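The next block holds one structure in the form of structure tokens; read it before the comments.
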């Protein structure tokens, strides 16, 4: 993942760890209301606690296995993880995307996952290569015009 994705995950982990004791307090408060079998507040708080614990475990696991990549340290003539790619679409309009991990992916910001259909189609391509990708709206065709490591 890129440094930005790593930072996003560590921020989310910190937020969840702050929320964790608040949920414990909510459970204790709901317990004080009496009969737990009919106590919706208690069940909601317990469910949220389970969600938080699962999220914390997942994020800690992902962070422990993460390999942080700085695209500026990369080079070459092929598209790889971290590369910023400019392509021309069927109307010769430039389209620019950076290949990132799933955590950082946001097409509106020009960041697509290496696992997305377009990301998979781009990996390994060079400048002037044709790219054909099947997306939910149909077939899309591009020509790679520039590869940057920024």
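The values are calculated or read from the model by the stated rules, or taken from the named source; none is laboratory data. Remember, it's a predicted structure, so these values are computed and weren't measured experimentally. We place every Cβ from the backbone using ideal geometry, glycine too, and count neighbours over all the protein chains shown.
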Exercise. Test each condition in (1) within 22 Å of residue 69 (Cβ to Cβ); (2) touching a residue at least 40 places away in the same chain (Cβ under 8 Å) for residue 98 and report the one that comes out false.
Key: (2)
Quiz item: Can you name the condition, by its number, that residue 75 falls short on among (1) at pLDDT 90 or above; (2) assigned by TED's automatic domain parsing to the domain that holds residue 130?
Solution: (1)
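Residues 12, 53: which one is in a helix (DSSP H, G or I), over 30 Å from residue 150 (Cβ atoms) and either assigned by TED's automatic domain parsing to the domain that holds residue 130 or under 20 Å from the mean Cα position of the chain (by Cα) (or both)?
Values: 12 fails: over 30 Å from residue 150 (Cβ atoms).
Result: 53 is the single residue among 12, 53 that is in a helix (DSSP H, G or I), over 30 Å from residue 150 (Cβ atoms) and either assigned by TED's automatic domain parsing to the domain that holds residue 130 or under 20 Å from the mean Cα position of the chain (by Cα) (or both).
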Quiz item: Of all residues in region 21-31, how many are loosely packed, with under 13 Cβ neighbours inside 10 Å and closer than 22 Å to residue 63 by Cβ?
Solution: 1
Quiz item: Quick check: anything in region 57-64 part of a strand (DSSP E or B) and surrounded by 10 or more Cβ atoms within 10 Å (Cβ to Cβ)?
Solution: no
Quiz item: residue 97 is checked against (1) at pLDDT 95 or above; (2) surrounded by fewer than 12 Cβ atoms within 10 Å (Cβ to Cβ); (3) in contact with a strand residue (DSSP E or B) (Cβ under 6 Å, 6 or more places away or on another chain) and fails just one. What number does that condition carry?
Solution: (2)
Quiz prompt | region 65-83, residues that are assigned to a helix (DSSP H, G or I) and either over 16 Å from residue 7 (Cα atoms) or under 16 Å from the mean Cα position of the chain (by Cα) (or both) | solution = 65, 72, 73
